[in-house]
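Q: Quick one: the structure is below, and I'll ask about it shortly.
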Amino acid sequence: MSTQTHKEVKKVTTHVLQEMKMRGEKISMLTAYDYSMAKIFDEARIDVLLVGDSASNVMHGHETTLPITLDEMISHAAAVIKAVDRALVVVDLPFGSYQGNSKEALNSSIRIMKEAEAHAVKLEGGEEVVESIKRILTAGIPVMGHLGLTPQSIYKFGTYEVRAKEEAEAEKLVRDAKTLEDSGCFALVLEKIPATLAKRVQDSIQIPVIGIGAGPHVAGQVLVSHDMLGINKDFSPKFLRRYLNLFDEIKKAVEQYVDDVKTGDFPNQKEQY
Ligand code: KIV
């Protein structure tokens with residue numbers, strides 16, 4: 001157990017996250033896309049599971065997050081929800097499911113809540129999505145915001161480099177964060193921005209900021225599980241800490257299995273009826 005103040009909770013809710021932030025207990029968040037992994041993460045007492053649209057990359061092999069569909073996100077989310085007893089499960093609204101208008105945003109969110117039985121939704125953007133956020137909230141659906149590097153806008157940015165290094169973009173980001181808080185978001189993801197700017201944002205709003213590549217001065221941290229477990233070897237940004245090398249571990253195990261089958265070593269006497 002860490003030295004941080006740590007209060008046991010049966011179920012993590014949006015209110016629990018706010019309380020954690022207030023008493024200085026850091027919030028842990030990871031992505032999850034399937035039942036088996038979600039079960040392990042929940043047993044390990046992760047606070048928040050994000051069914052991220054990064055599923056588009058790590059589960060479906062697309063180059064960007066844009067192609068994944070609402071149906072596919074709902075399918076991942078439904079599997080994750082079945083595995084979870086404690087964590088708060090937040091589901092990304094995929095590209096094209098909310099940008100059209102606020103009614104579309106509400107309908108997509110209702111589908112996620114009804115068909116997957118999720119706990120909250122997340123969407124990318126600042127001022128331009130405020131109307132949608134407010135409309136989603138009218139249905140009682142909690143909303144998490146996402147600013148900084150927003151991968152659904154990759155073709156506008158042109159690169160996955162650190163965002164908001166220039167003052168004008170930093171100022172807009174601080175304004176957008178306040179707007180999202182005022183609109184009713186319960187938390188905010190900040191992706192790949194300078195640590196000093198993330199601190200400025202967290203100091204200027206009350207809701208928890210969850211950082212990814214945004215430094216330590218925020219209420220919590222999120223990583224893509226496939227990156228931190230080393231399942232995905234090709235992605236090594238500076239902010240990533242790898243806790244395992246599962247790609248190599250699994251490859252070694254499968255090579256051994258192939259060898260055992262080929263040589264007739266498997267199955268042995270004890271492994272048959
Ligand atoms: O889709 C995702 O995995 C995310 C995280 C990077 C926060 O949005």
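The values are calculated or read from the model by the stated rules, or taken from the named source; none is laboratory data. Just so you know, these numbers come straight off a predicted model, no measurement behind them. Every residue, glycine among them, receives a Cβ derived from its backbone with ideal geometry; neighbour counts consider all protein chains shown. To get the accessible areas, we keep the full protein, side chains included, count just its heavy atoms, and leave off ligands, DNA and RNA. Shrake-Rupley method; radii C 1.70, N 1.55, O 1.52, S 1.80 Å.
Q: Angle between the Cα long axis of helix 246-263 and the longest principal axis of the chain, 0 to 90 degrees, nearest 10?
A: Tilt of helix 246-263: around 20 degrees.
Q: In degrees, nearest 10, range 0 to 90: what is the angle between the Cα axis of helix 167-183 and the longest Cα principal axis of the chain?
A: 90
Q: If I build a Gaussian network model for the chain, linking alpha-carbon pairs within less than 10 angstrom, which residue out of Val91, Val58, Val261 has the largest mean-square fluctuation?
A: Among Val91, Val58, Val261, the largest mean-square fluctuation in the Gaussian network model of the chain belongs to Val261.
Q: Ok, one more. Based on the mean of other Cβ atoms within 10 Å per residue, sort peptides 98-108, 148-158 so the most packed one is first.
A: 98-108, 148-158
Q: Compute the long axis of helix 195-204 from its Cα atoms, compare it with the longest principal axis of the Cα atoms of the chain, and write down the angle in degrees, 0 to 90, nearest 10.
A: On a 0 to 90 degree scale, this one is about 50.
Q: What does the accessible area per residue of region 4-80 come to in Å², with a 1.4 Å probe and no ligands, DNA or RNA counted?
A: With the other protein chains kept in place, region 4-80 gives 47 Å² per residue.
Q: When you count, for each residue, the other Cβ atoms within 10 Å and take the mean per peptide, how do 116-123, 67-74 rank with the highest first?
A: So the peptides 116-123, 67-74, ranked by packing, come out 116-123, 67-74.
Q: May I ask you to order 17-28, 178-189 by the average number of other C-beta atoms within 10 Å around their residues, highest value first?
A: The most tightly packed comes first, giving 178-189, 17-28.
Q: How large, in percent, is the carbon and sulfur part of the accessible surface of the chain at a probe radius of 1.4 Å?
A: Answer for the chain is 54 percent, counting heavy atoms of protein chains only.
Q: I've got another one for you. Determine ³J(HN,Hα), in whole Hz, for all residues of region 223-237 in sequence, where each value follows from phi through the Karplus function 6.51 cos²θ - 1.76 cosθ + 1.60 and θ = phi - 60°; x replaces Gly and Pro.
A: 9, 6, 4, 5, 6, 6, 8, x, 6, 9, 8, 8, 10, 9, x
Q: In the structure displayed, which of Lys21/Lys233; Lys21/Lys238; Lys7/Lys238; Lys39/Lys262; Lys199/Lys238; Lys21/Lys82 lie more than 22 Å apart, Cα to Cα?
A: Where the Cα-Cα span goes over 22 Å, the pairs concerned are Lys21/Lys233; Lys21/Lys238; Lys7/Lys238; Lys39/Lys262; Lys21/Lys82.
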